[in-house]
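The values are calculated or read from the model by the stated rules, or taken from the named source; none is laboratory data. As the structure is a prediction and not an experimental result, all values here were calculated from the model. Neighbour counts run over all protein chains shown; Cβ positions are idealised from the backbone, glycine included. The accessibility values were calculated without ligands, DNA or RNA, using every heavy atom of the protein model including side chains. Shrake-Rupley method; radii C 1.70, N 1.55, O 1.52, S 1.80 Å.
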Amino acid sequence: MVVLEVEIACPGYFALNSHPSLAFNGPVIDLAVAELNAALAGRIFFTVTYLVLNVPNCLRNEEESSPALAQWYYRDRNKSSLPIVLALGCIDTLAAEQLTSEWEILNIASIGVRETGQKLPGPVPIGVGSIARPSLYAAFFSLLAMFQWTTIYIVIDTDSPPTYPTMAASIIARNRELGQLVTIVESIAWERRPTTLNDTLQRFRSVSRVLLFCGQADRLRRLLIEAAKKNMTEGEFVYIAFEPFPSKSYGKMTWNYGDAENEIAQHAFDSLLVIQQHQSATSPSGSQHPPRSLDILFQREARSKYNITYDLDDQPMPDMMATYITLSMLAEVLNESLDSVSPSNFKADQIRQVELARRFFNRTFVTETGPVYIDSRGKRRDSVAVCYFGRDSGMREAFLLLPVGTNERYLRYLNNTMRWPGGNWPPINEPLCGYRHERPSCSLSTRGIPLPEIVTLLAAVLASSGAILYYYWRTKRKREEDADAWWLVELTSFRLIYRILDCALVDPDSSCEFEELPYE
């Protein structure tokens with residue numbers, strides 16, 4: 001007889017162009033649930049209810065996910081089971097958190113983890129996710145604080161996967177939660193058109209020197225190439241990007257595309273800093289290989305159960321493995337919870353899900369992909385690296401690290417080998433005369449000559465004047481020395497006198513002929 005039945009509700013849609021899609025994660029959930037039910041037979045039994053929405057994309061799924069969850073909870077679910085929501089991303093996070101808090105049930109996300117900052121009375125939402133976004137955000141704000149960059153320009157590529165707009169929104173929300181730690185002067189939706197790209201860079205030049213790009217890697221490369229053509233990659237400007245994890249859908253994060261713009265792209269990438277998980281930074285290929293050939297098992301499950309076929313390389317394995325280990329972590333916590341309740345006349349509602357959520361806090365789970373640490377806010381944390389592109393190797397090299405489980409306010413140096421364009425590291429947050437040379441102090445004449453030009457001119461005049469004064473001083477000093485040392489004779493003169501004396505002493509009556517000896 002099963003002690004505890006658990007019903008997992010999972011809203012989603014089918015598409016092969018999106019990581020959160022059930023096309024990728026449905027087979028993962030089915031395989032994980034089958035394995036867990038076999039391992040926990042007689043103790044816990046899992047069922048999954050897919051709330052399949054007939055929508056074309058992630059945005060529409062987000063809009064319709066909350067009504068689907070409400071219908072499941074109030075009408076369709078098994079009332080004798082323990083209800084839990086598994087979020088795969090592409091849901092209305094704010095609404096989902098409010099609903100699950102009201103229902104006092106666990107909301108656990110394996111993809112698209114967001115920090116909303118809501119303080120709700122129900123169970124704290126748990127975020128596992130392949131992308132430890134809180135760690136990425138902490139590294140970002142630590143980087144800004146470390147180098148005193150306080151004015152940030154954010155560019156959001158709306159045509160990229162939904163991960164990027166989500167990350168941009170989370171950065172803005174997190175900054176607000178931190179009391180406006182930095183000034184986000186503008187966040188714009190960027191479209192891949194030359195005119196828009198030109199306008200974006202011109203606007204950036206006029207309001208900031210630090211740009212955060214939230215979009216696919218190939219579009220970041222296009223932006224940097226255009227910036228290089230405008231002399232905006234010579235060391236004065238900083239470009240920052242996130243790489244959630246290496247994936248075809250996120251693009252190829254490198255300057256080397258083997259095209260005619262490779263050379264200018266390599267130069268432009270000298271001004272780029274990439275924030276990524278440290279595991280990816282230290283892996284030679286940047287890939288994460290699944291254990292037990294799970295990628296093949298997932299692929300077979302998709303074909304046999306859903307009639308969906310895709311190549312192994314098309315699978316977003318980090319996201320799929322995150323869903324897989326999320327269920328194993330959930331099973332571990334549920335199994336522990338059963339030990340704390342009375343087995344006689346047991347009912348599912350005896351397990352308080354507020355306490356269930358707390359069992360995840362400040363804990364490291366041992367999973368098939370390695371240790372996974374969940375912090376006191378219920379969110380996964382990973383070590384995060386800040387990388388640059390080495391000029392000699394052309395490859396990404398980690399030079400700053402935010403370790404997991406430490407005070408995440410501070411980055412520490414891994415090495416000091418980075419060479420920044422122009423040699424002035426770190427770039428200053430704002431030029432002396434302002435972003436547009438708009439400060440009145442920089443126009444000291446009625447003709448409006450900028451201060452840097454005036455300073456340069458004054459320096460040249462002072463240098464010339466100093467050289468002239470030094471020349472006259474040395475000339476005067478030389479004359480005084482000559483007057484005081486009239487008796488000094490050159491060494492060649494002494495040698496000439498010696499030859500004359502020598503000749504006269506040998507034959508006083510002879511006429512001495514001689515040549516002046518050279519100075520030796």
- Starting from the Kirkwood radius over alpha-carbon pairs of region 202-324, derive D by Stokes-Einstein at 10 °C in a medium of 1.306 mPa s and give it in µm² s⁻¹. 96 µm²/s
- For region 137-283, list log₁₀ I(q)/I(0) at each q in 0.09, 0.14, 0.20 Å⁻¹, using the Debye formula over Cα point scatterers of equal strength and ignoring solvent, two decimals each. -0.25, -0.64, -1.40
- Item | Accessible heavy-atom area order of Glu438, Glu97, highest first, probe of 1.4 Å | Glu438, Glu97
- Note on the structure: For region 361-437, the Cα-Cα pair-distance distribution in 5 Å bins from 0, as whole percents, is 3, 12, 15, 15, 14, 13, 12, 8, 5, 2, 1, 0
- Note on the structure: Put Leu212, Leu94, Leu31, Leu297 in order of accessible area, largest first, probe 1.4 Å, and you get Leu94, Leu297, Leu31, Leu212
- Note on the structure: Rh (Kirkwood, all Cα-Cα pairs) for region 116-165, Å, reads 13.9 Å
- Query: What length, rounded to one decimal in nm, is gained on full extension from Thr196 through to Arg303, with 0.36 nm per residue of separation minus their alpha-carbon distance?
  - Reply: 34.3 nm
- Message: How big is the dipole moment of region 120-261 about its Cα centre under a simple scheme where the beta carbon of each Lys and Arg is +1, that of each Asp and Glu is -1, and everything else is neutral? Debye, nearest 20, please.
- Response: 60 debye
- Task: Could you calculate the FRET efficiency of Asn57 with Gln118 from 1/(1 + (r/R0)^6), where r is the beta carbon distance between them and R0 is 25 Å, rounded to 0.05?
- Result: 0.45
- Message: Among 218-226, 354-362, 69-77, 316-324, how do they line up by average Cβ neighbours within 10 Å per residue, starting with the highest?
- Response: 316-324, 218-226, 354-362, 69-77
- Which FRET efficiency value, to the nearest 0.05, is calculated for Leu181 and Tyr74 with the Förster distance at 41 angstrom and r the Cβ-Cβ distance? 0.50
- Note on the structure: Under a 1.4 Å probe, counting only protein heavy atoms, Glu236 has an accessible area in Å², nearest 10, of 90 Å²
- Message: Residues of region 2-19 with backbone nitrogen within less than 16 Å of a virtual label 7 Å along the Cα-to-Cβ line of Arg359, please, listed as ranges.
- Response: 3-8
- Expressed per residue, the solvent accessible area of region 47-105 in Å² (1.4 Å probe) is about 47 Å²
- Tell me, what ³J(HN,Hα) does each residue in region 371-381 have, in order and in whole Hz, if you take phi through Karplus 6.51 cos²θ - 1.76 cosθ + 1.60 with θ = phi - 60° and put x for Gly and Pro? x, 10, 9, 10, 8, 6, 9, x, 10, 5, 10
- Query: Length gain on complete extension for the stretch Ser393 to Ala95, per 0.36 nm per residue less the alpha carbon to alpha carbon distance?
  - Reply: 102.6 nm
- Dimensions of region 85-221 along principal axes (Cα, Å, largest first)? 50, 31, 22
- Note down the accessible area of Lys379, probe 1.4 Å, to the nearest 10 Å². 20 Å²
- Message: To check my understanding: the extent here is largest minus smallest coordinate of the Cα atoms along each principal axis. What are those three numbers for region 8-163, in Å, largest first?
- Response: 57, 34, 30
- Message: Heavy atoms of the protein only, probe of 1.4 Å, neighbouring chains included. What is the accessible area of Tyr239 in Å², nearest 10?
- Response: 0 Å²
- Looking at the square roots a ≥ b ≥ c of the eigenvalues of the Cα gyration tensor of region 302-386, which shape do they give, rounded for a/c under 1.5, prolate if a/b is larger than b/c, or oblate? oblate
